[in-house]
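One structure is given here, and the rest of the page talks about it.
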Amino acid sequence: MNQIWFKKAGWAYIPVHAMGLLVSAMAIIFLIPVFTATLRNGHSVSDDLYQLFVYTTCTAFWWKWVAEKTS
């Protein structure tokens with residue numbers, strides 16, 4: 001039996017199950033230290049954006065993949 005973790009709402013996915021909330025929280029919890037370390041050690045805005053782009057897009061890609069497969 002497949003459980004639905006996310007519900008598609010337009011282009012976005014909304015967590016509707018505890019596992020969907022857990023996946024979303026884990027993505028956010030992972031990105032918080034990445035953002036703080038990048039902003040603390042960055043030398044310019046463009047340097048910060050280059051470093052944040054890699055981690056943010058990878059995390060968003062895997063989060064969206066899980067949301068698509070469980071919606």
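Scanning region 1-46 for residues that are in contact with a strand residue (DSSP E or B) (Cβ under 6 Å, 6 or more places away or on another chain) and not hydroxyl-bearing (S, T, Y) yields F6, K7, I14, P15, V16, G20, L21.
Scanning region 33-71 for residues that are in contact with a helix residue (DSSP H, G or I) (Cβ under 8 Å, 6 or more places away or on another chain), more than 23 Å from H17 (Cα to Cα) and outside any helix (DSSP H, G or I) gives a single hit, G42. Contact map, region 27-52: first residue touching a residue at least 24 places away in the same chain (Cβ under 8 Å), second residue in a helix (DSSP H, G or I), Cβ cut-off under 7 Å, separation 6 or more or different chains; pairs are A27/T59; A27/W63; F30/T59; L31/Y55; L31/T56; L31/T59. The set of residues in region 27-53 that are over 9 Å from the mean Cα position of the chain (by Cα), surrounded by 11 or more Cβ atoms within 10 Å (Cβ to Cβ) and not acidic (D, E) comprises V34, F35, A37, T38, L39, G42, L49, Y50, Q51, L52. The number of residues in region 5-22 that are of a type in the set (V, I, T) and either surrounded by fewer than 12 Cβ atoms within 10 Å (Cβ to Cβ) or in a strand (DSSP E or B) (or both) comes to 1. Name the residue that is farthest from Y13 (Cα to Cα), counting only residues in region 54-64 that are surrounded by 13 or more Cβ atoms within 10 Å (Cβ to Cβ) and of a type in the set (S, T, N, Q). Selected residue: T56.
No lab work stands behind these numbers, since they all come straight from the coordinates. Computed from a prediction, not measured in an experiment: that's the story for all the values here. Don't worry about glycine lacking a Cβ; one is built from the backbone with ideal geometry, like all the others, and counts go over all protein chains shown.
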